[in-house]
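The values are calculated or read from the model by the stated rules, or taken from the named source; none is laboratory data. These numbers come from a predicted model, not from an experiment. FYI the Cβ positions are ideal-geometry reconstructions off the backbone, even for glycines, and counts take in every protein chain you see.
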Amino acid sequence: MKAVRLLGAALLLLLAACRASVSFAAPQTMVAAAHPLAVEAGLEVLRRGGSAVDAAIAVQMVLGVVEPQASGIGGGGFLLHYDAGTQAITVYDGRETAPAGATPSMFLDTEGKPLGFREAIASGISVGVPGLLAMLELAHKERGKLAWSDLFVPAIAVARDGFAIPPRLAAWLARISSLREEPAIRTLYYNADGSPKKLGERIANPELAETMRLIAEQGPRAFYQGAMAAEMVERVQRHRRPGTLSVTDLADYRPIKREAVCGPYRVWKICSMPPPSSGGIAILQILGLLEPFEIWHDKPTDLRAIHLIAEASRLAFADRDRYVGDPAFVDVPVAGMLSPVYLSERRKLMSPDRSMGKVSPGVPPGYVERGTSHISIVDRWGNAVSFTTTIEAPFGAQIMVRGVLLNNELTDFSPRPELNGKPVANRVQPGKRPRSSMSPTFVLDRDGKLVAALGSAGGSRIIGDTLQATIGLLDWNLSPQAALALPRVLNLNGATELEEGTAVPAQADALRALGHEVQVRPHEGGLSAIRRTAEGWEGAADPRRDGVAKGE
Ligand code: GLY
């Protein structure tokens, strides 16, 4: 009997050992993005010895096919790279630029009023010079290990052979009726009777497959010069609301390398995207404003935490709207906006018992008067990429050239060049990059070691999404999946937004009693995140969308 018990115990131990080595081995690489086919393409690149940047390019190309509404080579993006050897962070800015022919009043009608938002989006005016491919080429030259052309193989196969329409794409096709007006979009995504193709139906994009084949073989010059460039220019200039994009604008586009904007939060260092994005500064301001309130003692759905996050966000958005624009055109007082003295002055406006309501911007020291998708990757060396990529509104400008959707990024400029007689920092100017909210972010520990990589889609709500996921990971010690699923609380210096269908609307009346205007609304999200564990990495993609995280 004793021998049988011993044998049973030995078998159990063996089973446990097998499980530990097979299914519980901690992933040493990780890819998190908005579609499983894109994640698989990234993992395959990492398996073959590719770097995080190589994987990011493969992931992006597949996303351009299966999540065409969010990002693609007709758009732009910001890519942050973390080098595990040197602990250096490199920022690659592939933001679109305004064409040389752009004017500060181009988003105004004949009476000087801003065009309707939908009218401005679906137009030639909104198309900025795409920056994505030029930026990815630069990052690949500096950080790539596999051949450029290899990185396009999975995306070309998906575009040629087809894929099942995922839920988000199906939802957008049903929602945006004007998409049918663009013949190439109509042919690809709609039936002959004008009804949208349905969730799960198989579609292909052979024109995009051919476009990517040319770019894989010839490099980005196949896009920025020659026949493809001429075709983009023609489509934009002959649109019923024409823009000024020219072949010179395309040939002249250059990506920019920048310094990350970094700041402390408790025991961590947070590094994110500097201007022309407002995201990094806003996230650091909000965390700096919140720190003395020690919200890690509250639960995520507690009134106090919701109220304080909304109030700090309000202050950050007031400054963002006033000061942030392309640093080549505007002096953004970054250091002043993040200085502890300035933040402690601004914090005096915050009370745990009362909302401040709509707030005016502060005067930071140093100030002188004058749609989107996120990809997070860690490779076998521990290098990481945090990459937010966009064509702006879902389906961008709703102009498709050779299977590529052109961005409407220029609607991220302020439509009005002046406010109260003063020039607006984010007004349109030729060659300028529109202010962004994209916030690809890294969290580092005191030794400079990577703790987490994260970011989000969602226009100006990117800032609140990335902020809340950061707070979830750091203050509430949640897993990436739980941090991304947190009910969303946002404030863009107006109403406090509470995510519909979650636990936070239960606080609506209590917030109103504190003086908040409250809106309960659905939230699109779009986060992805990766966090270090004791043994390896864990990742997550926003449960509100179609993405996944997978490691090996
Ligand atoms: N177009 C989204 C952003 O840059 O914020």
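Looking at the structure I just gave you, is V489 buried (at least 23 other Cβ atoms within 10 Å of the Cβ) and either at pLDDT 95 or above or more than 16 Å from the ligand (Cβ to nearest atom) (or both)?
Details: buried (at least 23 other Cβ atoms within 10 Å of the Cβ): yes; either at pLDDT 95 or above or more than 16 Å from the ligand (Cβ to nearest atom) (or both): yes.
Criteria met by V489.
Residues are listed down the side, and each one gets a yes or a no for (1) of a type outside the set (K, R); (2) within 20 Å of A260 (Cα to Cα); (3) surrounded by fewer than 19 Cβ atoms within 10 Å (Cβ to Cβ):
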position: P327; (1), (2), (3): yes, yes, yes
position: A335; (1), (2), (3): yes, yes, yes
position: P340; (1), (2), (3): yes, yes, yes
position: R346; (1), (2), (3): no, no, no
position: S351; (1), (2), (3): yes, no, yes
position: S355; (1), (2), (3): yes, no, no
position: K358; (1), (2), (3): no, no, yes
position: G371; (1), (2), (3): yes, no, no
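Would you check if there is a residue in segment 240-252 being buried (at least 20 other Cβ atoms within 10 Å of the Cβ) and either modelled with pLDDT under 95 or under 21 Å from V334 (Cβ atoms) (or both)? Spell out the reasoning first.
From segment 240-252, those buried (at least 20 other Cβ atoms within 10 Å of the Cβ) are 243, 245, 249-250; that's our starting set.
With the extra rule that they be either modelled with pLDDT under 95 or under 21 Å from V334 (Cβ atoms) (or both), the set shrinks to none.
No, the conditions are met nowhere in segment 240-252.
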- Could you run through segment 281-300 and say how many residues are outside any helix (DSSP H, G or I) and touching a Pro at 6+ places or on another chain (Cβ under 9 Å)? 1
- Task: Scan A171, A229, A204 and give me the residue that is crowded, with 19+ Cβ neighbours inside 10 Å and at pLDDT 95 or above.
- Result: A229
- What tally of residues in segment 452-472 results from selecting those that are over 19 Å from E291 (Cα atoms), out of contact with any strand residue (DSSP E or B) (no Cβ under 7 Å at 6 or more places or on another chain) and surrounded by fewer than 24 Cβ atoms within 10 Å (Cβ to Cβ)? 2
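Looking at this structure, is E409 within 16 Å of the ligand (Cβ to nearest atom), in contact with a strand residue (DSSP E or B) (Cβ under 8 Å, 6 or more places away or on another chain) and among the acidic types (D, E)? Before the answer, list the steps.
On the way: within 16 Å of the ligand (Cβ to nearest atom): yes; in contact with a strand residue (DSSP E or B) (Cβ under 8 Å, 6 or more places away or on another chain): yes; among the acidic types (D, E): yes.
Judged against the criteria, E409 is a match.
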- Task: Test each condition in (1) small (G, A, S); (2) touching a Leu at 6+ places or on another chain (Cβ under 9 Å); (3) at pLDDT 95 or above for S414 and report the one that comes out false.
- Result: (2)
- Task: Name the one entry in R240, R258, R254 that is more than 24 Å from the chain's Cα centre (by Cα) and among the charged types (D, E, K, R).
- Result: R240
- If you go through segment 232-280, how many residues are more than 16 Å from the ligand (Cβ to nearest atom), part of a helix (DSSP H, G or I) and touching a strand residue (DSSP E or B) at 6+ places or on another chain (Cβ under 7 Å)? 4
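How many residues, within segment 412-427, are part of a loop (DSSP other than H, G, I, E, B) and either more than 16 Å from the ligand (Cβ to nearest atom) or surrounded by 23 or more Cβ atoms within 10 Å (Cβ to Cβ) (or both)? Outline the logic, then answer.
Our first condition is that a residue be part of a loop (DSSP other than H, G, I, E, B); within segment 412-427, this holds for 413, 415-417, 420-421, 424-426.
From what is left, the residues that are either more than 16 Å from the ligand (Cβ to nearest atom) or surrounded by 23 or more Cβ atoms within 10 Å (Cβ to Cβ) (or both) are 413, 416-417, 420-421, 424, 426.
Matching residues across segment 412-427 total 7.
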- For G382, which of the numbered conditions (1) buried (at least 24 other Cβ atoms within 10 Å of the Cβ); (2) farther than 19 Å from L115 by Cα fails to hold? (1)
- Query: Looking at segment 293-329, which of its residues are within 15 Å of G280 (Cβ to Cβ) and of a type in the set (A, V, I, L, M, F, W, C)?
  - Reply: A316, F317, V324
- Report the residue count in segment 428-451 for those that are within 10 Å of the ligand (Cβ to nearest atom) and touching a strand residue (DSSP E or B) at 6+ places or on another chain (Cβ under 7 Å). 5
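Within segment 389-406, which residues are touching a strand residue (DSSP E or B) at 6+ places or on another chain (Cβ under 8 Å) and in a strand (DSSP E or B)? Walk me through how you get there before you give the answer.
Of the residues in segment 389-406, the ones touching a strand residue (DSSP E or B) at 6+ places or on another chain (Cβ under 8 Å) are 389-391, 395-399, 406.
T389, T390 - these are the residues of segment 389-406 that are touching a strand residue (DSSP E or B) at 6+ places or on another chain (Cβ under 8 Å) and in a strand (DSSP E or B).
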- Note on the structure: With criteria (1) farther than 16 Å from L80 by Cα; (2) surrounded by fewer than 19 Cβ atoms within 10 Å (Cβ to Cβ), K257 comes up short on (1)
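Kindly indicate which of L473, L454, L467 is under 22 Å from the mean Cα position of the chain (by Cα), outside any helix (DSSP H, G or I), under 25 Å from A260 (Cβ atoms) and away from the ligand (no atom under 12 Å from the Cβ). It would help to see each step written out before you state the result.
Details: L473 fails: outside any helix (DSSP H, G or I); L467 fails: outside any helix (DSSP H, G or I).
Exactly one residue qualifies, and that residue is L454.
Okay, residues lined up against (1) crowded, with 22+ Cβ neighbours inside 10 Å; (2) touching a helix residue (DSSP H, G or I) at 6+ places or on another chain (Cβ under 6 Å):
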position: A32; (1), (2): yes, no
position: P36; (1), (2): no, no
position: G42; (1), (2): yes, yes
position: R48; (1), (2): no, no
position: V53; (1), (2): yes, yes
position: V62; (1), (2): yes, yes
position: G76; (1), (2): yes, yes
position: P99; (1), (2): yes, yes
- Qualifying position, being farther than 23 Å from W268 by Cα and in a loop (DSSP other than H, G, I, E, B), among P505, P487: P487
- Message: Can you tell me how many residues within segment 115-133 are surrounded by 15 or more Cβ atoms within 10 Å (Cβ to Cβ) and either among the hydroxyl-bearing types (S, T, Y) or in contact with a Ser or Thr (Cβ under 9 Å, 6 or more places away or on another chain) (or both)?
- Response: 12
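Give me a count of the residues in segment 309-325 that are of a type outside the set (S, T, Y), surrounded by 22 or more Cβ atoms within 10 Å (Cβ to Cβ) and within 20 Å of G263 (Cβ to Cβ). Write out each step before concluding.
The initial filter retains those residues of segment 309-325 that are of a type outside the set (S, T, Y), namely 309-312, 314-322, 324-325.
Checking which are surrounded by 22 or more Cβ atoms within 10 Å (Cβ to Cβ) leaves us with 309-312, 314-317, 319-320, 324-325.
Okay, now just the ones that are also within 20 Å of G263 (Cβ to Cβ), so 309, 311-312, 314-317, 319-320, 324.
Adding up the residues that qualify gives 10.
Quick one: which helices (runs of 4 or more DSSP H) sit completely within segment 120-231 and have at least 3 residues that are aliphatic (A, V, I, L, M) and within 26 Å of the chain's Cα centre (by Cα)? Write out each step before concluding.
Numbers: elements: 132-143, 153-161, 167-175, 183-189, 206-218, 221-224.
Ranges flagged: 132-143, 153-161, 167-175, 206-218.
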- Note on the structure: Those residues of segment 369-388 which are of a type in the set (S, T, Y) and in a loop (DSSP other than H, G, I, E, B) amount to T372
